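K.L.:
This is the structure I want to talk about, given as structure tokens.
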Amino acid sequence: MTAPDPGLHIILREQMNDLLLKQKEVTVLEILDRVLDKGVVISGDIVISVAEVDLIYLGLRVFLSSVETMERVRGAAL
Amino acid sequence: MPGLTKSETPEDGLYCINHEGLSVAVTKVGESEFGEMNLKRNLTDPEWIKSKVLIHENVIERIMQSSAVLPFKFPTLFKTEENLKSFLEEHRDKFIKNLRYLKGKEEWGVKIYCDWDKLKRTLAKDGFRDIDQEISASASGRAFLLKKKKDELVNEAVYKKLGELSQACFERLSKHSFQWRINKLLPKELTEKKEEMILNSVFLIVKSKVKQFIHTVHELRTEHTPGGLLFDCTGPWPPYNFA
């Protein structure tokens, strides 16, 4: 029996991380969609509604991917 | 909100206001984040929204463990406890009726996606023999036009098939549910999937029927995955779509 190729192992782990990140992202969209868009709407004291859930989500994704890039750059520098 | 005591929630300043037979989970927030102007600014910051919305969701999910709950939209703000109390008095009957309705039920979401190319290939392979024969028997100019014609026919068939499939899946799912709703389809830029969303549905399900519902999702997945459909099932959610 040969030991598993460490390179392959790293690739698999990276793929898994990507997968986890993806699943989490979908969940964030689902949560935003519900919490900001559905649910009981009332006339509270301050009524401000969040304009466009879609736009917020897109903005958030751009933000997250730039954080990821930053981390990757930092990782490369080490 | 029985079951959620003050001692369980010391870390986030969450507490209960009991009034008119209703319990409301509240937390005090400051002018610096939630004052009208500051809030407006914060609501343009996706990362701020995300962090607050996750807390909002987390609190509701905790309450959901032990009681029926009416999830409020974020942000819902009152200036004083007194204002909140008079609000509860005003809407008491509606809230109690709604809570009774939601008791013992869960919200589940099912999104169906379609691998357009896969479905198209499957459909193009079969039902178009006549036109295929005509294409192979024709000279190149005519064959070109016939191919275009075939493409149109296949696209039409795909649309028709998608309508039938999503309808059939939805009917099977709704059999086990108490109430349902169809939400707008989300574009690929938001879902980040290469497949097209063809159904975005939510179901309110009596707890004892959840198992059957999930079983049905698995059945549908087994039946339709080879044909190019993908199923995304999430839950249990607080009843945002049914509150």
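The values are calculated or read from the model by the stated rules, or taken from the named source; none is laboratory data. On a predicted model such as this, the values are computed, not experimentally measured, just so you know. All Cβ positions, glycine included, derive from the backbone under ideal geometry; neighbour counts span all protein chains shown.
K.L.:
Looking at segment B:180-220, which of the residues that are in contact (Cβ under 8 Å) with a residue 60 or more places away in the chain and among the aromatic types (Phe, Trp, Tyr) is nearest to the other protein chains (Cβ to nearest Cβ)?
P.N.:
B:PHE203
K.L.:
Has segment B:113-124 got any residue that is within 30 Å of B:THR234 (Cβ to Cβ), in contact with a Phe, Trp or Tyr (Cβ under 7 Å, 6 or more places away or on another chain) and not hydrophobic (A, V, I, L, M, F, W, C)?
P.N.:
First, pick out the residues of segment B:113-124 that are within 30 Å of B:THR234 (Cβ to Cβ): B:113-123.
Still in the running and in contact with a Phe, Trp or Tyr (Cβ under 7 Å, 6 or more places away or on another chain): none.
No, the conditions are met nowhere in segment B:113-124.
K.L.:
Select from segment B:185-204 the residues that are of a type in the set (Asp, Glu) and assigned to a loop (DSSP other than H, G, I, E, B) and write down the one among them that is nearest to B:PHE231 (Cα to Cα). Before the answer, list the steps.
P.N.:
Of all residues in segment B:185-204, those of a type in the set (Asp, Glu) come to B:189, B:192, B:195-196.
Next, from what is left, pick out any that are assigned to a loop (DSSP other than H, G, I, E, B): B:192, B:195.
Numbers: B:GLU192: 15, B:GLU195: 11 Å.
So the residue we want is B:GLU195.
K.L.:
Given (1) surrounded by 14 or more Cβ atoms within 10 Å (Cβ to Cβ); (2) modelled with pLDDT of 90 or more; (3) more than 31 Å from the chain's Cα centre (by Cα), where does B:PHE144 come up short, assuming only one miss?
P.N.:
Here B:PHE144 meets the rest and fails (1).
K.L.:
Mind listing whichever residues of segment B:160-173 are within 19 Å of B:ASN241 (Cα to Cα) and buried (at least 16 other Cβ atoms within 10 Å of the Cβ)? Explain how you work it out, then say what you get.
P.N.:
Step one: list which residues in segment B:160-173 are within 19 Å of B:ASN241 (Cα to Cα), which gives B:170-171, B:173.
Within segment B:160-173, B:PHE170, B:LEU173 meet the criteria.
K.L.:
Here's something else I'd like to know. Going through segment B:67-86 one residue at a time, which ones are under 14 Å from B:LEU102 (Cβ atoms) and either assigned to a loop (DSSP other than H, G, I, E, B) or of a type in the set (Ser, Thr, Tyr) (or both)?
P.N.:
B:SER67, B:ALA68, B:VAL69, B:LEU70, B:PRO71
K.L.:
Within segment B:25-35, how many residues turn out to be within 11 Å of chain A (Cβ to nearest Cβ) and closer than 13 Å to B:PHE78 by Cβ?
P.N.:
Qualifying residue count, segment B:25-35: 2.
Condition check ((1) among the basic types (Lys, Arg); (2) exposed (fewer than 15 other Cβ atoms within 10 Å of the Cβ)) across all residues:
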site	(1), (2)
B:GLY109	no, no
B:ASP115	no, no
B:LEU119	no, no
B:LYS125	yes, yes
B:ARG129	yes, yes
B:SER138	no, yes
B:VAL158	no, no
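K.L.:
In segment B:42-66, what residues are in a loop (DSSP other than H, G, I, E, B) and surrounded by fewer than 18 Cβ atoms within 10 Å (Cβ to Cβ)? I'd like the intermediate steps shown before the answer.
P.N.:
The first filter runs over segment B:42-66 and keeps only residues in a loop (DSSP other than H, G, I, E, B), leaving B:43-45, B:65-66.
Selection gives B:THR44, B:ASP45, B:GLN65, B:SER66.
K.L.:
Could you tell me whether B:TYR101 is within 21 Å of B:ARG181 (Cα to Cα), of a type in the set (Phe, Trp, Tyr) and away from chain A (no Cβ under 12 Å)?
P.N.:
Taking the combined requirement at face value, the residue satisfies it.
K.L.:
Identify, please: which residue in segment B:67-96 is modelled with pLDDT of 90 or more and touching a Lys or Arg at 6+ places or on another chain (Cβ under 9 Å) and is, among those, surrounded by the fewest Cβ atoms within 10 Å (Cβ to Cβ)?
P.N.:
Ranking the candidates gives B:SER67 first.
K.L.:
Now, a different point. What is the number of the single condition among (1) within 30 Å of B:PHE170 (Cβ to Cβ); (2) touching a strand residue (DSSP E or B) at 6+ places or on another chain (Cβ under 9 Å) that B:PHE74 does not meet?
P.N.:
B:PHE74 satisfies every listed condition except (2).
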